[in-house]
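The values are calculated or read from the model by the stated rules, or taken from the named source; none is laboratory data. Computed from a prediction, not measured in an experiment: that's the story for all the values here. Glycine gets a Cβ as well: all are built from the backbone with ideal geometry, and neighbour counts include every protein chain shown. These accessible areas exclude ligands, DNA and RNA; they are computed on the full protein's heavy atoms, side chains included. Shrake-Rupley method; radii C 1.70, N 1.55, O 1.52, S 1.80 Å.
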Amino acid sequence: MSAGTDRLREEFEGCFGRLAEIGRDPAGGWTRLAWTEEDRRARAWFEAEAAARGLGVERDRAGNLWAWWPGQGGEDGEPVVAVGSHLDTVRGGGAYDGALGVVSGLLAVGELSRREVEPRRPVAVVAFADEEGGRFGVPTFGSRVLAGALDPAELLARVDQDGTGMGEALAAAGVDPEGFGPDPARIGRLGAFVELHVEQGRGLVDLGRPVALGTGIWPHGRWRLTLAGEANHAGTTRLADRRDPMLGLAAAVLAARAAATELGAVATVGRVVVEPNSANSVPGRASAWLDARAEQDQTLDWLVAAFQGAVEEAAGRNGLAVELACESRSPAVQFDPDLTARVDACLRANGLDPAALPTAAGHDAGSLAAAVPTAMLFVRNPTGTSHSPAETAELDDCLAGVRALAAVIEELACR
Ligand SMILES: [Zn+2]
């Protein structure tokens, strides 16, 4: 093994390991929710790691961090080449989701600068804010605010599960709610964005390859279902007299699975709130969140329509009032064909034979794809598991990802 590989291995383990200390639950899993103490420490980690590689860090109007190579990135007219991902996690998530892309970006730039490659266009490693939406329910927050895809006033009115407002949380984290909002000039300077991410399924495991190029992101969305019945005594209320929303909820969970199976899509009910949540009461109300994803926008429409039909039928049988509200929806994303072809050729010239994979997971790259030529790289995940402590990647595959990203930055920014 070469000295260069040994050095990169050591550097990766150090850099990734320092981040993995933050928000780690000794019982398993990582929790770094946006604008919390763990998030503050992850941001401090980013600033320190960037500074150690000679990169200057600044924060944009949406709270995202930008590490510039060289120095402060300059204000000249050259289009910016940006790479990066996010540092926040879901509750009890894995160590690699988001983190791998940010670490790989920092190490790739570090490699190029060690080799004394000169950037001809400014390069930025970006750590996007609140990608998971684990606290305020707004995924890909930082990239969508920056791109003008979300209404700042509506966001600032949101509260988390503890009743803390988003405006308050942002201000406490040092993001000025007054200046908070989109930044079209910054988006306009971007010539390309390439996000490296751990794969969140088994595509690469099945293909036996370490790295893939993303082709696109499935359309996906979140819907809140509310079923209202009548709370009553579990012993004295005759079955015939009940209006039990739990029966509607059970039908809803099964309907989501049946519709997804039928349409070759995926659908999940992963969060429910039952009121009063008492063992000896017929519940009065049940709320559930449907997460649904499909290859085509129309298939997703069909899935949600089938779900709604089945739920309304069950509600009718059980005397329930039903409401289904769309909380978020992201259309299908195709990554930029020209940029993807260029990245593909670059990886092949560097001895990698990348697979081509779509994904059903949302990413900051998807938020930027409408405004900026965007591509994605995936690194193999042996368990195929994500949003769980079982999410992982082999060190050799991570190093292949860093080298791939370095080659791509060199191709896009240094020639
Ligand atoms: Zn992610």
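Quick look at the values:
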| read-out | value |
| --- | --- |
| Value of Rg to Rh for the stretch 279-415 (Rh from inverse mean 1/r over Cα pairs, i.e. Kirkwood) | 1.13 |
| Surface accessible to a 1.4 Å probe, per residue, for the residues of the chain, Å² | 42 |
| Extension reserve of the residue 9-residue 271 stretch, reckoned as 0.36 nm per residue once the Cα distance is removed | 90.4 nm |
| Carbon and sulfur %, accessible surface of the chain computed with the full protein complex present, 1.4 Å | 49 |
| The stretch 166-243: trypsin sites (Lys or Arg not before Pro) falling in loop per DSSP and having at most 15 other Cβ within 10 Å | 202, 238 |
| Helix-only mean residue ellipticity at 222 nm for the chain, each DSSP H run of n ≥ 4 adding -39500 (n - 2.57), per residue, nearest 500 | -12000 deg cm²/dmol |
| Virtual spin-label span in nm between residue 44 and residue 224, 7 Å along Cα→Cβ | 3.5 |
| Full-stretch length increase - residue 344, residue 154 - with 0.36 nm per residue and alpha-carbon distance subtracted | 64.4 nm |
| Of the GluC sites (Glu not before Pro) in the stretch 44-115, those whose Cβ has at most 10 other Cβ within 10 Å and which sit in DSSP loop | 75 |
| Contour excess over end-to-end distance, with Cα ends at residue 325 and residue 298 and 0.36 nm allotted per residue | 7.9 nm |
| Antiparallel bridges, percent of DSSP beta bridges restricted to the chain (to nearest 5) | 70 |
| Helix 3-20 vs. the chain, principal-axis angle (Cα, 0 to 90°, nearest 10) | 40 |
| Shape box of the chain [Cα atoms, principal axes, largest first, Å] | 79, 46, 41 |
| Equivalent ellipsoid, the stretch 302-341 (semi-axes from 5 times Cα gyration tensor eigenvalues, Å) | 38, 10, 4 |
| Virtual spin-label span in nm between residue 390 and residue 414, 7 Å along Cα→Cβ | 3.9 |
| DSSP-assigned coil residues among trypsin sites (Lys or Arg not before Pro) in the stretch 20-85, each with at most 11 further Cβ atoms within 10 Å | none |
| The chain: angle of helix 337-349 to the longest principal axis, Cα-based, in degrees nearest 10 | 50 |
| Inter-site label distance for residue 168 and residue 21 at 7 Å from Cα along Cβ, in nm | 3.2 |
| Net dipole in debye of the chain [+1 Lys, Arg Cβ; -1 Asp, Glu Cβ; about Cα centre; nearest 20] | 480 |
